[in-house]
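Worksheet: one structure, shown below.
Just so it is clear, none of the values below were taken in a lab; they were calculated from the coordinates. Remember, predicted model here, so these are calculated numbers, not experimental data. Here the Cβ is made from the backbone with ideal geometry for all residues, glycine too, and neighbour counts use every protein chain on show.
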Amino acid sequence: MNCEIVTIGNELLLGQIIDTNASYLARKLNLIGINITFHTTVGDDYPQIRDVLSQALKRADLVITTGGIGPTEDDLTREVVADLVGAQLIFKEELMEQIESIFTRLGYRMPENNKKQAFIPDGAISIPNEIGTAPGFIIQKGSSLIVALPGVPKELKYLLNNQVIPYLKRHFHLDGELITSRVLKVTGIGESKVDSRIKDLITPNTNPSVGIMASPGDISITITAYAKNAKKAEDLIRPIEQEIRSRLGINIYGTNDDTLDMVVTNLLNKRGDTLSVIENFSGGQLTARLQRSPLSPLKEGIVIGKRERIPPFLDRKTPTINKEIAETLAKRIRDKGNSSIGLALIGTLKATERGYEVDAQVVVSGEDVSRSYDWKMGGDIPTLQGRAATIALNTLRLALIS
């Protein structure tokens, strides 16, 4: 089954809000075996919405719209869909009663323009909305199905899970079919190098399929399998996962929703270690990431804003930032925090014609763990700081597992 998601609203095109509905719909529909082939965003313009939906109906078995079913003049989805299927909009008394009950429950009188939301195309199946004032609807157009849902994420999720997914499973006979994905999280290696090592596994129109998505300091490899049940999907995914792991080794730090800071925190807690950190150019990002978990074993975190504040900590006047200094700082912060492991992330930022450059060091120091890494990198300050925190976390991870 192929599906196109059409998200509607000027606020999406203007970047005033982030579209979380499409990603949520894609994840939930994949789980019942529906493949998302297109995702289109369009503004509140009648001809443009009509054109987008017309194209979607030609290439998808299922078209799901979000937004445009509110009470205002620029909410046009119901009118456009009625036009496309050649139906009149008809008033549904039961929807009107449901909408009025929402206002009554909240202690308000329903505005006159909300009556618009009680109209749906003739022949459509209504989707009553018990938690909002925008009912959805389902209607057939030739061999394709249109599902119109509200744009408010809370309402969309409620209607999707409680009414739409059960309906789609019955309509398309999807019981026992699903699309399953496993994400392998990779760091410490670039996207191009990952691609060169596994590119023979990235083949279009295969089951399972393999894809790569990169973000700063982090790469996700997604293995997606289509199968009749979870066991068969796992049987398809497992050999591909094992092959990728054999090629990338310790560069894979986790799966699915794992984050690097979560993995490091779990490793420290499993070993019974505590940690103290000092960082001077990374804006406190390392300390912040290590503090995200309530189970964080971080005992001491010192963020130094200027290089000139390092000498008192070292009892020196003008130290040059190098591996020796980083090692001394790692040991001093470990002792100061009375922890089993100390970590120093230090570097010198320099302005260049194209932005900034950092010459950086990270050192991990403990009784039975030791590791260091140095690098030079150019870019804007937020990127340099974020990458530094990731490099420091990965250096600590490698020290803990080696």
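Just a few scattered comments:
- Prolate/oblate/rounded call for the chain, Cα gyration tensor, a/c under 1.5 rounded: prolate
- Net charge dipole, region 2-171: roughly 680 debye, given to the nearest 20, about the Cα centre with Cβ charges of +1 for Lys and Arg and -1 for Asp and Glu.
- Rounded tilt (10° steps) of 93-106 against the dominant C-alpha axis of the chain: 40
- Partner aspartates and glutamates for Lys199 [C-alpha distance under 15 Å; skip if fewer than 8 residues away on the same chain]: Glu191, Glu241, Glu243
- For region 178-255: rounded, prolate or oblate by the Cα gyration tensor [a/c cutoff 1.5]: prolate
- Nearest 10 degrees, 0 to 90: helix 260-271 Cα axis against the chain principal axis: 60
- Only Lys, Arg (+1) and Asp, Glu (-1) charged, at Cβ; the chain dipole about Cα centre in debye: 1520
- Between 0 and 90°, nearest 10: helix 323-336 axis offset from the chain longest Cα axis: 80
- Cα-based Rg and Dmax for region 90-217, where Dmax is the largest Cα-Cα distance (Å): 22.0, 63
- Mean Cα-pair separation over length for region 2-171, i.e. relative contact order, pairs under 8 Å, 6 or more apart, %: 23
- Kirkwood-Stokes translational diffusion coefficient of region 260-401, alpha-carbon pairs, 25 °C, 0.890 mPa s, µm²/s: 165
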